[in-house]
Amino acid sequence: MSSGLKIAVLGAGNMGAALIGGILKTGVAQRERIWATVRSEERAAEVASRFSIRATAGCNPEAAREADLIVLAVKPATLPKVLKEIRDVLRDEQILLSLAAAVPIALIEKIAARRMPVFRAMPNIPVVVEEGATAVAANGCCSPEQRNLVLEIFRAVGVAVFVEEDLMHVVTALSGSGPAYVYMVIEALIAGGLKMGLSREISTRLAEQTVLGAAKQVRESMLHPAVLRDQVITPGGVTISAIHELEKHGLRSMLISAIETATHASVERTRALLAQFDGDGQD
Ligand SMILES: NC(=O)c1ccc[n+]([C@@H]2O[C@H](COP(=O)([O-])OP(=O)(O)OC[C@H]3O[C@@H](n4cnc5c(N)ncnc54)[C@H](OP(=O)(O)O)[C@@H]3O)[C@@H](O)[C@H]2O)c1
């Protein structure tokens, strides 16, 4: 992919900054061709010094006008305002890449008031340690080369896949919010170790590595987790007594229900956003 690509990252907060790190790592754009914008002067100075790129407080239209790829990394509630600011400088051949949770591509197209390539991505917070899980949806204007470019950027900060846009709600529930569930599991494992006499430090190291190692084994063995679980169980042993306890409390059922509930919550959030921004793009 050409390193002559110019990229604007509008809203270089947690996600925007992680993506800038990924962009620099892949080399899809050189640092002098990346322009990040934020709200405050303090954050602009921080981003400029961390990545040695141009970063400004405001200047969204100026940054967007120069870019081939415009990353929209502001909060969902700010997105319509930023899109309205830049829509007069947008060109059909530019690419919009939105990270905003719950904001449909159709709303972005409506406010941008043109048919242009639009990607909608749902990354998750482990992108900051280059272990993110990102799902991307695209509108009909995106070429295979543009799809590859977007995948390349997200793969620099973890795993990335394409999905149909209507699956973004379940993606949000599974991997978008998922780190929060796993933090709870790690927290509880640590507490269990503490309760039974391990030091805080040792309990923490063992719990975090157990989750990391189990996830890595699922990926590398390509075996179903139930098969791997079975391999750890000795008849009449310790593990099966713990698994019996987890089954009594419905661990698996609880997580399935959590994802179902969160999927419905995401649908509701999109509905509320659409109601709030009904009429956007008309003025
Ligand atoms: N965090 C997650 O786990 C996660 C997961 C999936 C998707 N997302 C999506 O990623 C997007 C960003 O989330 P985040 O967690 O990175 O939020 P964040 O850390 O609050 O970043 C938002 C950034 O936008 C900047 N900003 C605010 N108004 C602006 C404006 N008018 N023009 C330019 N920049 C402006 C802020 O600047 P200041 O710093 O100066 O205030 C801040 O740096 C959201 O749409 C969210 O839905 C986040």
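Given R₀ = 25 Å, what would the calculated FRET efficiency be for V89 paired with K110, taking r from the Cβ atoms and rounding to 0.05? So, using R0 = 25 Å, E works out to roughly 0.90.
A Förster radius of 35 Å, combined with the Cβ-Cβ distance separating L194 from D166, puts the computed FRET efficiency at roughly 0.20.
What's the FRET efficiency of E152 with H244 using the Cβ-Cβ distance as r and R₀ = 41 Å, to the nearest 0.05? Can you show the working numbers first?
Numbers: r = 46 Å, r/R0 = 1.12.
Efficiency, from the Cβ-Cβ distance: 0.35.
If you take the alpha carbon atoms of segment 142-283 and fit the smallest convex hull around them, that volume is 185 Å³ per residue. Is segment 193-256 rounded, prolate or oblate when judged by the Cα gyration tensor, a ≥ b ≥ c being the square roots of its eigenvalues, rounded requiring a/c under 1.5 and prolate requiring a/b larger than b/c? Taking the square roots of the gyration eigenvalues as a ≥ b ≥ c, segment 193-256 is oblate. Taking the Cα centroid of segment 99-141 and of segment 230-283, what is the distance between the two, rounded to the nearest whole Å? Here the two parts' Cα centres lie 22 Å apart. For the peptides 15-25, 188-198, the ranking by packing is 15-25, 188-198, with the highest mean count of neighbouring Cβ atoms within 10 Å listed first.
About the centre of its Cα atoms, segment 7-168 shows a dipole size close to 260 debye [charges on the beta carbon of Lys, Arg (+1) and Asp, Glu (-1) only; nearest 20 debye]. Distance between the pseudo-spin-label points of A57 and V159 (7 Å out from Cα toward the beta carbon): 4.1 nm. Using only alpha carbon pairs under 8 Å that are at least six residues apart, calculate the relative contact order of the chain and give it in whole percent. Once divided by the residue count of the chain, the mean separation gives 15 percent. Counted over the chain with a bin width of 10 Å, the fraction of Cα pairs per bin, in whole percents, is 6, 25, 31, 20, 12, 6, 1, 0.
Between helix 14-26 and the chain there is an angle of about 80 degrees, using the helix long axis and the longest principal axis of the Cα atoms.
With semi-axes defined as the square roots of five times the eigenvalues of the C-alpha gyration tensor, the equivalent ellipsoid of segment 1-64 measures 18, 12, 9 Å, largest first.
If you stretched the chain out fully between L223 and A180, how much longer would it get, using 0.36 nm times the residue separation minus the C-alpha to C-alpha distance?
Numbers: separation 43, 0.36 × 43 = 15.48 nm, distance 2.48 nm.
So the extension gain works out to 13.0 nm.
Classified by the C-alpha gyration tensor, segment 88-154 has a prolate form. Its axis ratio a/c, with a ≥ b ≥ c, is 1.5 or above, and a/b is larger than b/c. Computed from label points 7 Å out along Cα-Cβ, the spacing between T261 and R39 is 3.0 nm.
Think of each Lys and Arg Cβ as +1 and each Asp and Glu Cβ as -1; about the Cα centre, that makes the dipole of the chain roughly 300 debye.
For GluC sites (Glu not before Pro), the sites in segment 137-228 that DSSP calls loop and that have at most 13 other Cβ atoms within 10 Å are E164.
We did not get these values from a lab; they are worked out from the coordinates using the rules stated. If you're wondering where the values come from, they're calculated on a predicted model, not measured in any experiment. Note: ideal-geometry Cβ built from the backbone for every residue, glycine included; neighbour counts use all protein chains shown.
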